[in-house]
1. Give, in nm to one decimal, the length gained when the segment between ALA56 and GLU309 is fully stretched (0.36 nm per residue of separation minus the Cα-Cα distance).
2. Express in whole angstrom the spacing between the alpha-carbon centres of the stretch 291-332 and the stretch 34-51.
3. So what is the relative contact order for the chain, in percent, with contacts set as C-alpha pairs under 8 Å and at least six apart?
4. How far is it, in nm, from the label point at ALA287 to the one at TYR18 when both lie 7 Å from their Cα along the line to the Cβ?
5. Determine how large the accessible area of VAL239 is when every protein chain is in place; take a 1.4 Å probe and give Å² rounded to the nearest 10.
6. Out of the total accessible area of the chain (probe 1.4 Å, heavy atoms of protein only), what percent is carbon and sulfur?
7. Would any residue of the stretch 188-203 have its amide N under 15 Å from a label point 7 Å out along Cα→Cβ of ASP264? List them or say none.
8. Please state the charge dipole magnitude for the chain, taken about the Cα centre, from unit charges on C-beta atoms (+1 on K and R, -1 on D and E), reported in debye and rounded to the nearest 20.
Amino acid sequence: MLTNKRVVLIISGGIAAYKSLDLIRRLRERGASVHAIMTRGAREFITPLAVGALTAQKVYTDLFDREAEQDVGHIRLARDYDLILIAPATADLVAKMAHGIADDLATAVLLATDNPVLIAPAMNPKMWQNPATRRNVEVLRGDGKHFIGPNSGEMAESGEAGVGRMAEPVEIAEAAEALLSGADNAANKPLSGRHIVITSGPTHEPIDPVRYIANRSSGKQGHAIAAAAVEAGAQVTLVSGPVSVPDPKGVDVVHVETAAQMLDAVTNALPADVAIMAAAVADWRVASEGAQKIKKDGSGKPPALELTENPDILATIGHHETLRPRLLIGFAAETQNLLENAKGKLQRKRADWIVANDVSPETGIMGGDANTVRIVSADGVEDWPDLDKGEVARRLVARIAKALDD
Ligand code: C5P
């Protein structure tokens, strides 16, 4: 319940603003009083009259409302309330917040507050996936702001599908409730006191001093899991192959190149409560790495590369008598027979769960920002919808926290 909670609801300009009207009802039926701020954009979509009728409170629209400012209006809105909820939050508002811009009442309140802020973004999928928005969201998460959604599905205005739809009013009201309930402060850090080891990215297997064998893994999913685990309070060791994504904040990162180095780094980092092997480890390496750059010998015949098998890190840990963590999670990136292969890996490598995904080129998963996964375990198969890699990470972390508590 939100009994006696005072919520400032910032409505910014997007078609999802029509859902804010329902959100007001959901918040009020849980006992909250709702004090709305509407940006200029929001007023293009819904009217202050409708919002005021549903909140039964004054609706704030302008930074320099003389009546309210005599009362230090925007500072009061920033301070005297339990929660600031932004729904819908446009890409523009998210960007302004991330940069501390305060050029209207909504952004001034957001800059002046130290109360919890919950953001429900709503934007076109391309805007959500744009690297600028990705950066802004990471900055805000780092600043301790909370997000709910966006969900995947069809966009109201364009019919385009993807991640960007505002979360449903009930989901937002529940997230507000969870955030404000005392119990949630512990629940916000469900992995505190846990150590988690994660592998991420590709490995590079040298052919000679200048060449190597690699794969298309970007490290985005493994790094997102590391960030989500830290956010959930875990102590995280991330063993990363060569990637261009930045080290997540608050994580101990060990940078490696080869599978052999990755295995060493993982065994050094153990013991842990959980290990998540998200790296795309090369199955083979060149048997004898050339000490010098291999040259054409003029015969027209290419050199033969003899390969030898790499250690399987997941299987090694899975079968280890002392180092195997309580929960061991592998990934299975496949282009065919997804489930069959994932189930095989679960058994062969002695993993508890396999996060399986189809990485056929047409899915765009490898290197992309979205992922469609299936969680395979002894209990069966769970299909997840198409989600942002950050959201896959947070759901996985929530599932891990639950499994450790059971
Ligand atoms: O390569 P494969 O599809 O078998 O990988 C499945 C799982 O095994 C992944 O979690 C991957 O990180 C792990 N693996 C590993 N060491 C290898 C190969 C794969 O840890 N040499």
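The values are calculated or read from the model by the stated rules, or taken from the named source; none is laboratory data. Since this is a predicted model, take the numbers as computed values, not measurements. All Cβ positions, even for glycine, are placed from backbone atoms using ideal geometry, and neighbour counts span all protein chains on display. Just the protein is used for accessible areas: all its heavy atoms, side chains included, with ligands, DNA and RNA removed. Shrake-Rupley method; radii C 1.70, N 1.55, O 1.52, S 1.80 Å.
1. Working: separation 253, 0.36 × 253 = 91.08 nm, distance 6.93 nm.
Result: 84.2 nm gained on full extension.
2. So the two Cα centres are separated by 59 Å.
3. On the way: 852 pairs, mean separation 45.2, N = 406.
It rounds to 11 percent for the chain.
4. Between ALA287 and TYR18, the label points sit 6.8 nm apart.
5. 0 Å²
6. Working: 9470 of 19400 Å².
Carbon and sulfur: 49 percent of the exposed surface of the chain.
7. From the stretch 188-203, the list is empty.
8. The dipole magnitude comes to about 200 debye.
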